[in-house]
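Just below is one structure, and these are the notes that go with it.
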Amino acid sequence: MQGLNVDVVIQGREYAALKDVSFSVERGQAHGLVGESGSGKSLALRSLMGLLPSNARVTGGSATFKGADLFANRGRNIRKIRGAGISMVFQEPAVALNPIARVGTQISDGIAQQKKMSRKEARDYAVHMMGLVGIPSPELRVDAYPFQLSGGMRQRVMIAASVACQPDLILCDEPTTALDVTVQAQILALFNGLKEELNAGILYVTHDLAVVSELCSTISVLYAGRLVESGSAARVLGDPQEEYTRALLAATPRIDEPGQRLRPIPGTTLALRDRPADYSFAMRIAEHALDTPTNFEEQ
Ligand SMILES: Nc1ncnc2c1ncn2[C@@H]1O[C@H](COP(=O)(O)OP(=O)(O)OP(=O)(O)O)[C@@H](O)[C@H]1O
Ligand SMILES: [Mg+2]
């Protein structure tokens, strides 16, 4: 992804939601795209899939996947892109799963058509994938409907359905935020296994730096549509160069330091239509300087 610009039209006016955003995802590795709510993470991910909302469009940049330009045939070729090995895992399984189809069918449908599998082969493959994502007794659950499974199991089914076609690139938009901490840890372990097992690249969007440190080898930090800092996860988390990254870190609970004091970031990212053209984190902090001390280096 090189120099991505995305504009959004609100009440007839065009606003720049993403400005010059670049990152890359290597095979067998995960890249974390992090930032607070409203920073543009979902828009960045959706632009790769050609799944932007109707009032948003890519106005610049290029995205290359296996040598092909993803933006070249926008619109017409989404099916082809998915077929060629990019899949997406959403935050809410409820939206992605069909409530009235058996989970096994939903997992194997795509690949069964592609490979012209028999019903028995497709069912066996679904059982295999359910086992791979850590669903206990998959042969008993393969014929269940989504509502018969717990939230964590549904999330696993969705992941199994996304990776069933053996994608080379998996795009994840906060797939664990709706889950409790234990299930979250299991899903992260699952992604860690999948990136090795499938030798797939993972683009992982989240506001949670703790998640990123578990999974990702490289990170990009996004603030209000612009890239603030990027590099190896060890370097960005261990030796952040930008005040915004330090602020995010100071606001993130650390597993190795229970009982530490967290410092929430003052204020919120301004909505698109309220942002001045050169809107920066420093401007937000200046606005809130009277409420809170703002030296994030101390923690
Ligand atoms: N279709 C749309 N119409 C108007 N504004 C939009 C639209 N989609 C996104 N935005 C705005 O663009 C900005 C970036 O949105 P985006 O959904 O990418 O943020 P995000 O980083 O994914 O946030 P979150 O963590 O809350 O999911 C936000 O200010 C959002 O309100
Ligand atoms: Mg989002």
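The values are calculated or read from the model by the stated rules, or taken from the named source; none is laboratory data. All values derive from a computational prediction rather than experimental measurement. Neighbour counts are summed over all protein chains in view; Cβ atoms, including those assigned to glycine, are modelled from backbone coordinates with ideal geometry.
Check region 172-190 and report whether any residue there is within 16 Å of ligand 1 (Cβ to nearest atom), at negative phi and either at pLDDT 95 or above or among the hydroxyl-bearing types (S, T, Y) (or both).
yes
Look through region 35-50, keep the residues that are more than 12 Å from the chain's Cα centre (by Cα) and crowded, with 21+ Cβ neighbours inside 10 Å, and return whichever of them is nearest to ligand 2 (Cβ to nearest atom).
S39
Wholly within region 159-254, which strands (runs of 3 or more DSSP E) include no fewer than the required count, namely at least 1 residues that are out of contact with any Ser or Thr (no Cβ under 9 Å at 6 or more places or on another chain)?
Output list reads 201-206.
Results for (1) among the polar types (S, T, N, Q); (2) more than 16 Å from ligand 2 (Cβ to nearest atom); (3) out of contact with any strand residue (DSSP E or B) (no Cβ under 8 Å at 6 or more places or on another chain); (4) in contact (Cβ under 8 Å) with a residue 40 or more places away in the chain, shown as yes or no for each residue.
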| residue | (1), (2), (3), (4) |
| --- | --- |
| E197 | no, yes, yes, yes |
| A210 | no, yes, yes, yes |
| L237 | no, yes, no, no |
| R246 | no, yes, yes, yes |
| A250 | no, yes, yes, yes |
| P264 | no, yes, yes, no |
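Would you call T176 more than 13 Å from V103 (Cα to Cα), without any contact (Cβ under 8 Å) to a residue 40 or more places away in the chain and surrounded by 22 or more Cβ atoms within 10 Å (Cβ to Cβ)? Steps first, please.
Values: more than 13 Å from V103 (Cα to Cα): yes; without any contact (Cβ under 8 Å) to a residue 40 or more places away in the chain: yes; surrounded by 22 or more Cβ atoms within 10 Å (Cβ to Cβ): yes.
So T176 fits the description; yes.
Run A17 past the list (1) within 15 Å of ligand 1 (Cβ to nearest atom); (2) not in a strand (DSSP E or B) and report the number of the one that doesn't hold.
With respect to (1) within 15 Å of ligand 1 (Cβ to nearest atom); (2) not in a strand (DSSP E or B), A17 is out only on (2).
For region 20-33: of the residues being in contact with a Lys or Arg (Cβ under 8 Å, 6 or more places away or on another chain) and more than 9 Å from ligand 1 (Cβ to nearest atom), which is nearest to D208 (Cα to Cα)?
Here is the first cut: in region 20-33, the ones in contact with a Lys or Arg (Cβ under 8 Å, 6 or more places away or on another chain) are 20-21, 28-30, 33.
After this cut, where a residue has to be more than 9 Å from ligand 1 (Cβ to nearest atom) as well, the list is 20-21, 28-30.
On the way: D20: 23, V21: 20, G28: 21, Q29: 18, A30: 15 Å.
The extreme case among them is A30.
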